[in-house]
1. Calculated FRET efficiency, residue 528 and residue 717, Cβ-Cβ r, R0 41 Å, to nearest 0.05?
2. Arrange the peptides 156-167, 839-850, 614-625 so that the one whose residues have, on average, the most other Cβ atoms within 10 Å appears first.
3. Taking R0 as 60 Å, what's the FRET efficiency between residue 41 and residue 444 from their Cβ-Cβ distance, rounded to 0.05?
4. How far, in nm, would the chain grow between residue 689 and residue 496 when pulled straight, counting 0.36 nm per residue and subtracting the alpha carbon separation?
5. When ranked by the protection proxy of mean other Cβ atoms within 10 Å per residue, highest first, what sequence do the peptides 474-481, 588-595, 351-358, 655-662 form?
6. By how many nm would the segment from residue 337 to residue 227 grow when fully extended, if each residue of separation counts as 0.36 nm and the alpha-carbon distance is taken off?
7. So for the pair residue 311, residue 741, with labels modelled 7 Å out along Cα→Cβ, what separation do we get in nm?
8. Can you tell me the FRET efficiency between residue 186 and residue 69 if r is taken as the Cβ-Cβ distance and R0 is 35 Å, rounded to the nearest 0.05?
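A short reminder: the numbers here are calculations on the coordinates, not readings from a lab. What you are looking at is a predicted structure, and each value in this text was computed from that prediction instead of being measured. Here Cβ is always computed from backbone atoms with ideal geometry, including for glycine, and neighbour counts include all displayed protein chains.
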């Protein structure tokens, strides 16, 4: 390649043509001016730039008076041809960005076109796109640098001017991207033109490159231990490193930063991952918490531990010394483990990039300068990280759920100037500077030396089977005793010194006494072989005693304690006081579900709970007491991860009264009841046929859906108890309708529980009051339109038009990349339950001659539904994770919507949603269908026609294995029926029995035309009579209960 250098530029003048470029030679040069700057014109423009940074330079040349045809080229220039070109001559040091490529000519480099604005003496301005030709000096000491840049401006982009007095007055070049020199100083760029006098001589504007921090390198972390590579919770770590300037030495290496006392900010941050609105894993930083040692002990010797304190772990400030070195100690956080995984911490080291006008006493930055000398932010700065960005580009998410990985590629991270809130040396401050950040350093923090012991909670009550025949899942003959070691911050630890040093086994003395009488033994401890022991040991490098069991002597209240002496001679105790020991006996029968859940699958039994019955949330569960007269205490517990957890008394309570409204069983009847721990005198007198039996009922609201419950009954006087099996609350939903935005048709086959109105169809855990998701309701009764209110009870056999609001999810995470989606609504029907057959009557509706708007009322338990047609035979339509699939991508999976837990279409890769969390809607809750003639059995002969508004919904297809298969989705009004119109009459009535393709669906609405005589329509669905199902005895598999 033939290159052009500064020392060979005399060739330019040899080619000077005799014609003068200027309209009046020599006159324009006195008034011509030029400037080079970064930023926008006006107050934002500046000539101050950072070293070794990328900028988009702007060049303005004013009042030049150049003739158009001499200043520009009529034809595109040939390779390297000295045609009419504007040029800029650069001093050594400026470098090309990565966007520049060698031209096809091979002599120069080019990049994307820049904008060049040409102003004529008429005042008109024109935009010309110009591809710069960049010539390099390849013999510079530290690599190629920019020598000269030519701008061939084509005249085709300018108007054809015939007036010789019209000339070019101003030229502006915008956004010429170059990398500034490494070394600070003033750099002049001289401007010219290949045509003599087109640009007057002496136009050499300058930019000033300021001294700039290049990077922080050599970060080292020193803790304790022989290799100083052990980092202990709550202990200091020394962070050291070196700050380098952009300046280069004779070997072209960056030199150390030489401004002493330059501040370096050292922080420890917790790396966190979370789900965004699209259920994607995103990563970011949170403040680490300052170590807060455990200091409080209760009367039983148990330590209260709060290692994850509420105070932020503040940053510390180091200062650069000779040759750019710095070092400073900072305390490590002590909170090591979250609810699911261990915490991940990183050390973040940052320093101020350039001098600025902000004298900052917080970080002892006293190198301030005049505001006019502060450099402009570079392209890297404006694209780079922010120190408080929750998802900085340098810390990117992976597609693995719950994992954040550090993908930083180098150690030069530009932080644009901004105000950052920070805690520095115990003071909350605002720091406004430009920053350079070093590579994040992962630090693995370990627990400290043993400081106290803790006994695993045995609970407020222990249920022992003194008679072995009662032992089993809920009553035990002994309990394991677990005593483990913890450091001073409450982290589980092992019996050793993490920083090195000797350790020996820790002896743990064991004792059980009667509460209030510490000299009376209340029980004995045994090893795994069944031998009685009085102590156990925690060996070196172990965490707990193991294989130790406790048996009480008899019922009553006891204290269980363990005591250990540590290497420093301190005595530490732990235990549980006033533990109630109860004798397991048979007291009650139950739990008995009065209403079974319709769940086709539920959490906790996906591995298979054959024959398991789930109670329906919101409906009462019955317990029957068969016991001698006594005062009994009833306790309710949630069963969570194998533990008994206290319930919310407003949502879980009990009563000896079965609440009804007439013959209707009251739904979600949680008001006016007794809280867990309340008592009643047995027998309660509420069982008329047995004076020695009592019934009590557990009441819940909708929030019970998806939860397990355990009920315990205690004979207080005799310390006897019985604990129920854990039982599950599934959805109480009996039917589901999928509804879209706008008008939908809807009906109900049975009156609804609770208020029974339109609002009750849209209740869920987050919307217990049925907050309105619709605007209008219309129905057609007795030949006229009616507008029911949202509080009016829905009537079986009637149909209703309901206008649904928009349910738009802007950040929906489907796999098509759409900008949001319309999501479906789910109407959840909970049918009334009754306690007497006298209330379980068939619904009737009087039809008047002419048009009638009706809905089916098929018996839910007798209809032939599509689950009989084979697994998923009905399902082929795919959209938004499936029309009849509950979409987990933009919705929290609501327990009230019954699904089978098998998603047909998986959520996007990297989704935070558990792929097993949601799935297809249970078919028996959606497709409650029967033949059309059974809906019209009492009115077919007196009617002319039935119409499915909106046209066909599901399609019906012959199948060699089944009589019929349904596929597709509902129609535009939400109706499922696959037909449009059916003609009725005495001649056609017999044919309905032989036509399986004309089927109606519970929840649909149809127009029915009745002839001259009024008709009475009768439905086959009745209010459902309460039945009793013993959930524990019916289940062949259950979760294991806890003590």
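1. Working: r = 36 Å, r/R0 = 0.88.
In this case the efficiency is close to 0.70.
2. Ranked from most to least packed, the peptides come out as 614-625, 839-850, 156-167.
3. 0.70
4. Contour length minus the Cα-Cα distance gives 62.8 nm.
5. Values: 474-481: 19.5, 588-595: 22.8, 351-358: 21.1, 655-662: 15.9.
Highest mean packing first, the order is 588-595, 351-358, 474-481, 655-662.
6. Details: separation 110, 0.36 × 110 = 39.60 nm, distance 2.53 nm.
Stretched fully, the residue 337-residue 227 segment lengthens by 37.1 nm.
7. 5.2
8. 0.45
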